[in-house]
Amino acid sequence: MPKLISKPEYEEQTAASRDRRMTWWRQARFGMFVHFGLYTILGRHEWAMANEKWPIHEYEKLADKFRPNPGAPKEWAKLAKTAGMKYMVMTTRHHEGFSLWNSKVNPYNSVNYGPKRDIVQEFVDACREQELKIGFYSSLMDWHHPDGGAAAYDSTARKRFNDYIYSLNEELLSNYGKIDILWFDVPRPMEHTEGWNSIEMNQRLRALQPDIIINNRSHLPEDFGTPEEHITAEKDRDWEACMTFNGLSWGYIDSKRVVPYSYNVQQILRMLATCSAGCGNLLLNIGPAPDGSVPPEVVGPLAATGKWLELNGECTYGKIFNFNNLAVSAFKGMGGIGNRLCSISKKENTIYVWNWIWPSDGELIIAGLSGKLKSVYILWNGRSIGFTQEKLRIILKDLSEDNCDKIAGVTVIVLEFESEVELIPHATLPALASGRTFDI
Ligand code: GLC
């Protein structure tokens, strides 16, 4: 048992090691979330047990029907690798309370029931085989545990429940070698740090895995923020947007129902661009089918994303500087100034313009970037592009059609400047456009 320290000391200590622990994560930028559990069999949202008010003993019967194919996690990990993702986070136990490992404290698990296999072990092995970093999702809520509700108002039940939750995570962080991320979820029924004993719990868990990265869902800010189903940069802090693949459900839904809602490669690239511009990560979810197979509507877009990243990864991975609220671009002939037709990310003196719409007349105007432009080229084929630069206006010339990206139609144009570039804030540009004198 480590010597326990106070909250300020704990926060100071974790902050001091953060840069070291987060180095790979900041480089990685793109990961796969996997939601898999008994709810998968129902195929209608991972909250089905609560939403449909299933009696526990009825829901428990699903455990024996849970029969994923051996090797399913290998398929997920292979797809993650193909998609250009660098890490995975799997639901080791969702709110329903069913553990996907050989838990001694929770007999309601995949070794005693259903497949009679340790799915967590299979997941860990699959990640290692593909050299992906490993994340464990671990709900703090438990609808199956007898103290899961009473813990809110009964201190004896709370003590038992806290011990139970700690022991589950202790098993996960003790029995599978090096684990990279602990991804907590839903700290209910207790509404505050004290109720969960989070400071003590997380200190003890960190002692088991000194390099681990912990998210912000145990009533402590910890290492990174987790905007969910929206991509919003957090200020002066690491963050990771977690997104379903269809805006509907994290758990599996029958393909026939979700296909029209599923993301295509362009939408995934837009998400990645937004994350990159805001210096955050994208954790994109898949909900495998009951046999563990990956739904077909997910495979195509992810494979295409991976192909695109093979050629264009430079604008996504690694330290990208935050250009939030500053990026501006004008598109010739479209009138007006906005940042909707391109996205912009930046590394030192280089600007990456993620171009969503290829200009039919071969010209593209980019406005609002200060600094002397040195060269312009297309990221995927390395071809250089002619340009003129006049004050805040850069005109790219002769963007012939054969330079347009062939995978997704999302072409990244690289602008290399002689020195650090600045963006002229959005708000000043209408003044320029209306002809008011403004010394640029
Ligand atoms: C929510 C949901 C949960 C899902 C999670 C992913 O908190 O309760 O079902 O697993 O988000 O971020």
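The values are calculated or read from the model by the stated rules, or taken from the named source; none is laboratory data. Just so it is clear, the structure is predicted and the values come from calculations on it, not from any experiment. In this analysis, Cβ positions are derived from the backbone assuming ideal geometry, glycine residues included, and neighbour counts consider all displayed protein chains.
Take the residues of region 194-236 that are closer than 16 Å to Glu9 by Cα and of a type in the set (S, T, N, Q): which is nearest to the chain's Cα centre (by Cα)?
Taking the candidates together, the pick is Asn202.
Could you pull out the residue among Gly300, Gly318, Gly306 that is away from the ligand (no atom under 16 Å from the Cβ), at pLDDT 95 or above and in contact with a Lys or Arg (Cβ under 9 Å, 6 or more places away or on another chain)?
When all the criteria are applied, what remains is Gly306.
Could we say that Arg257 is farther than 29 Å from Met22 by Cβ and either crowded, with 20+ Cβ neighbours inside 10 Å or in the same structural domain as Val34 (by TED's automatic domain parsing) (or both) here?
yes
Can you tell me how many residues within region 78-109 are within 16 Å of the ligand (Cβ to nearest atom), assigned to a strand (DSSP E or B) and not hydroxyl-bearing (Ser, Thr, Tyr)?
Looking only at that region, the number is 4.
Under 22 Å from the mean Cα position of the chain (by Cα), at pLDDT 95 or above, within 15 Å of the ligand (Cβ to nearest atom) and not aliphatic (A, V, I, L, M): is that true of Trp25 in this structure?
No, not satisfied.
Since Pro210 meets every condition but one in (1) part of a helix (DSSP H, G or I); (2) surrounded by fewer than 20 Cβ atoms within 10 Å (Cβ to Cβ), which condition does it not meet?
The one condition Pro210 does not meet is (1).
Looking at Gly148, Gly177, Gly247, can you tell me which residue is within 30 Å of Gly300 (Cβ to Cβ) and part of a loop (DSSP other than H, G, I, E, B)?
Only one candidate qualifies: Gly247.
Just give me the residues in region 104-144 being in contact (Cβ under 8 Å) with a residue 60 or more places away in the chain and farther than 22 Å from Lys74 by Cα, in sequence order.
Those that are in contact (Cβ under 8 Å) with a residue 60 or more places away in the chain and farther than 22 Å from Lys74 by Cα: Lys104, Val105, Asn106, Leu140, Trp143, His144.
Here's the yes/no breakdown for (1) assigned to a helix (DSSP H, G or I); (2) away from the ligand (no atom under 15 Å from the Cβ); (3) among the hydroxyl-bearing types (Ser, Thr, Tyr):
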site	(1), (2), (3)
His230	no, no, no
Cys242	no, no, no
Arg257	yes, yes, no
Cys275	yes, yes, no
Val294	no, yes, no
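Within region 62-73, is even one residue under 24 Å from Leu182 (Cα atoms), surrounded by 15 or more Cβ atoms within 10 Å (Cβ to Cβ), among the small types (Gly, Ala, Ser) and away from the ligand (no atom under 16 Å from the Cβ)?
Among the residues of region 62-73, at least one is under 24 Å from Leu182 (Cα atoms), surrounded by 15 or more Cβ atoms within 10 Å (Cβ to Cβ), among the small types (Gly, Ala, Ser) and away from the ligand (no atom under 16 Å from the Cβ), which makes the answer yes.
Which number in (1) over 15 Å from Ala77 (Cα atoms); (2) in a helix (DSSP H, G or I) marks the one condition that Gly306 misses?
Every condition holds for Gly306 apart from (1).
How about region 277-292: which of its residues are in a strand (DSSP E or B), of a type outside the set (A, V, I, L, M) and within 30 Å of Arg117 (Cβ to Cβ)?
Asn285 - this is the single residue of region 277-292 that is in a strand (DSSP E or B), of a type outside the set (A, V, I, L, M) and within 30 Å of Arg117 (Cβ to Cβ).
Which number in (1) touching a His at 6+ places or on another chain (Cβ under 9 Å); (2) away from the ligand (no atom under 16 Å from the Cβ); (3) free of Cβ contacts under 8 Å to residues at least 60 places away in the same chain marks the one condition that Asp19 misses?
Unmet for Asp19, out of (1) touching a His at 6+ places or on another chain (Cβ under 9 Å); (2) away from the ligand (no atom under 16 Å from the Cβ); (3) free of Cβ contacts under 8 Å to residues at least 60 places away in the same chain: (1).
In region 137-153, which residue that is within 13 Å of the ligand (Cβ to nearest atom) and of a type in the set (A, V, I, L, M, F, W, C) is nearest to Tyr176 (Cα to Cα)?
Leu140
Being within 13 Å of the ligand (Cβ to nearest atom) and closer than 22 Å to Ala16 by Cβ narrows it down to one residue among Gly251, Gly225; which is it?
On the way: Gly251 fails: closer than 22 Å to Ala16 by Cβ.
Residue meeting the stated conditions: Gly225.
Just one of (1) away from the ligand (no atom under 16 Å from the Cβ); (2) under 25 Å from Trp47 (Cα atoms) trips up Lys133, so point out which.
Condition not satisfied by Lys133: (2).
Test Glu122 against the criterion of being farther than 30 Å from Ser276 by Cβ, touching a Pro at 6+ places or on another chain (Cβ under 8 Å) and crowded, with 22+ Cβ neighbours inside 10 Å, and give yes or no.
Criteria met by Glu122.
Condition first: free of Cβ contacts under 8 Å to residues at least 60 places away in the same chain and away from the ligand (no atom under 16 Å from the Cβ). Now tell me which residues in region 195-209 satisfy that.
Quick first cut of region 195-209, residues free of Cβ contacts under 8 Å to residues at least 60 places away in the same chain only: 195-198, 201, 205, 208-209.
Within region 195-209, Gly195, Asn197, Ser198, Met201, Leu205, Leu208, Gln209 qualify.
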